[in-house]
Amino acid sequence: MSKEDKVPVTQAVRALRAARIAFTPHPYRYEERGGTAVSARELGVDEHLVIKTLVMEDETRRPLVVLMHGDREVSTKELARHLGVKSIEACKPEVADRHSGYQVGGTSPFGLRRAMPVYVEESILTLATIYVNGGKRGFLVAIDPRELVRVLGATPVRAAREPG
């Protein structure tokens, strides 16, 4: 087993193990600002299966996590309407890092520093397997998406839109 094959023991990996979630580790070569397109290419999977963990906040600066397909964007208007708040926007990277305890590009929905509500694009829950961040840049884990609801209490929403 090479050094790259070893599972990094991140806060997310600890949380996955503690919750008894079966996962397959997938390290890959991280590229700055490469996003899910790079991780999908590196792993040889459809970008739709790579799930972004986005830290956002409402107009009162209350943080929340949104899980979205890699090839889609979050309609913040639709999400705000669904949540009954005036507005939702992405946190600045340093704010997201502070809320999550992770570095942007390596944010996992598991093992967050602070408890935040988690919302998941409902179509993610229909997939057989998804790839989410494992708690560091260049490291995804493959899991059953139903674990997002079971372990994180993720609330399904419809907020996806095509990029652009």
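Bear in mind these aren't lab numbers, they're just calculated from the coordinates by the rules spelled out. Quick caveat: nothing in here was measured; it's all calculated off a predicted structure. Reconstructed Cβ throughout: ideal geometry from the backbone, glycine too, with neighbour counts over all protein chains shown.
Could you size up the charge dipole of the chain around its Cα centre, putting +1 on the beta carbon of Lys and Arg and -1 on that of Asp and Glu, and report it in debye to the nearest 20?
Its charge dipole is roughly 600 debye.
Provide the descending list of Cα extents for the chain along its principal axes, expressed in whole angstroms.
51, 30, 30
Please report the antiparallel percentage of the DSSP beta bridges confined to the chain, to the nearest 5.
Expressed as a percentage, antiparallel bridges in the chain total about 75.
Evaluate the distance, in nm, between pseudo-label points positioned 7 Å from the Cα of Arg158 and of Thr126 along their respective Cα→Cβ axes.
1.1 nm
Per DSSP helix of 4 or more residues, -39500 (n - 2.57); summed, then divided by the residues of the chain. What does that give at 222 nm, rounded to the nearest 500?
Per the formula, -6500 deg cm²/dmol.
Between Arg113 and Arg41, what is the label-to-label distance in nm when each label sits 7 Å out along the Cα-to-Cβ direction?
3.1 nm
Of the peptides 110-121, 152-163, how do they stack up when ordered by the mean number of other Cβ atoms within 10 Å, highest first?
Result, highest mean first: 110-121, 152-163.
Hey, if you put +1 on the Cβ of every Lys and Arg and -1 on every Asp and Glu Cβ in the chain, which of Val104, Leu43, Ala19 ends up farthest toward the positive end of that dipole?
After comparing all options, I get Ala19.
Provide the FRET efficiency to the nearest 0.05 for the Arg20-Glu94 pair, computing r from the beta carbons and using R0 = 35 Å.
0.55
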